[in-house]
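Worksheet: one structure, shown below.
The values are calculated or read from the model by the stated rules, or taken from the named source; none is laboratory data. These numbers were taken from a predicted model, which means no experiment stands behind them. Here the Cβ positions follow ideal geometry from the backbone for every residue, glycine too, while neighbour counts run over all protein chains shown. Please note that ligands, DNA and RNA were not included when accessible areas were found on the heavy atoms of the full protein model with its side chains. Shrake-Rupley method; radii C 1.70, N 1.55, O 1.52, S 1.80 Å.
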Amino acid sequence: RINRENYLSILRNFKNQQIIKVITGIRRCGKSTLLEMFQDYLKENGIDDKQIISINFEDSDYEELQDRKKLYEYIKSKLVKGKKTYIFLDEIQNVVEFEKTVDSLFINKNVDLYITGSNAYLLSSELATLLTGRYIEIRMLPLSFKEYLSSFEDKTDLSRKFVNYLTYSSFPQAVELYKINPSNIKMFLDGIYSTVLFKDVM
């Protein structure tokens, strides 16, 4: 995994603050991986697994929880009494009226809440109105050139790497595919540009 230190530092700074962390960005820019990295950080710093609730709504295992009432009851049943519970809701726009569940969770002082979603879905929802003054938005982008370089052990031939960075895109998965076989990139990018980006701007 490519270290996204700039974004991780923001999450660390707002850890345990009574404010919702809303991470937005186009698909495949690394939002889910960022949540995984932050959860690793929590565990490395003494947070028990039971204090972490992580749900990715693109995972079929959690399809039933796309009902906001079932989602709330599920999370409520797993809260750790007397301790902070860290809740990660990934691609939450898949939950109908998710804003109401987020609002209900927010009022619990022993909850530290992190949610992700694409820009178009989250920012056009009622979230901004409902939670005004109670959340921060962290706008996540694909890899910067510095982050791109950090994924390579060999830091030489910067000119060639910069050309590749511009040619093959700065999506984290594209970097991994390039390392395995550069010929795989075109098919991946065709899918990104024809579907993912289109959906995120509509």
* Using alpha carbon centroids, what distance separates the stretch 130-163 and the stretch 1-40, in Å? -> 12 Å
* Structure fact -> Rounded to one decimal in nm, the spacing of the 7 Å Cα→Cβ label points at Asp103 and Leu131 is 1.2 nm
* Asked: So how exposed is Arg134, as accessible area in Å² (1.4 Å probe, rounded to 10)?
  -> 60 Å²
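Under the 0.36 nm per residue contour assumption, what length would be gained going from the current alpha-carbon distance of Asp40 and Ser9 to full extension? Don't jump to the answer; show the numbers that get you there.
On the way: separation 31, 0.36 × 31 = 11.16 nm, distance 1.36 nm.
Between Asp40 and Ser9, full extension yields an extra 9.8 nm.
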* **Where the Cα pairs of the stretch 24-74 fall when distances are cut into 10 Å bins, in %** => 21, 40, 37, 2
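With a 10 Å radius around each residue's Cβ, average the other Cβ atoms per peptide and rank 140-146, 167-173, highest first. Before the final figure, lay out each step's value.
On the way: 140-146: 15.4, 167-173: 17.9.
Going by the mean number of other Cβ atoms within 10 Å, highest first, we get 167-173, 140-146.
For Asp40, Asp49, what's the largest-to-smallest order of accessible area, 1.4 Å probe?
Working: Asp40 55, Asp49 100 Å².
If we order Asp40, Asp49 from most to least accessible, we get Asp49, Asp40.
Using just the alpha carbons, could you tell me how many Å³ per residue the convex hull of the stretch 1-115 encloses?
Numbers: hull volume 12.4 nm³, N = 115.
In the stretch 1-115, the Cα hull volume divided by residue count equals 108 Å³.
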* **Peptides 13-24, 83-94 ordered by average Cβ neighbours within 10 Å, highest first** => 83-94, 13-24
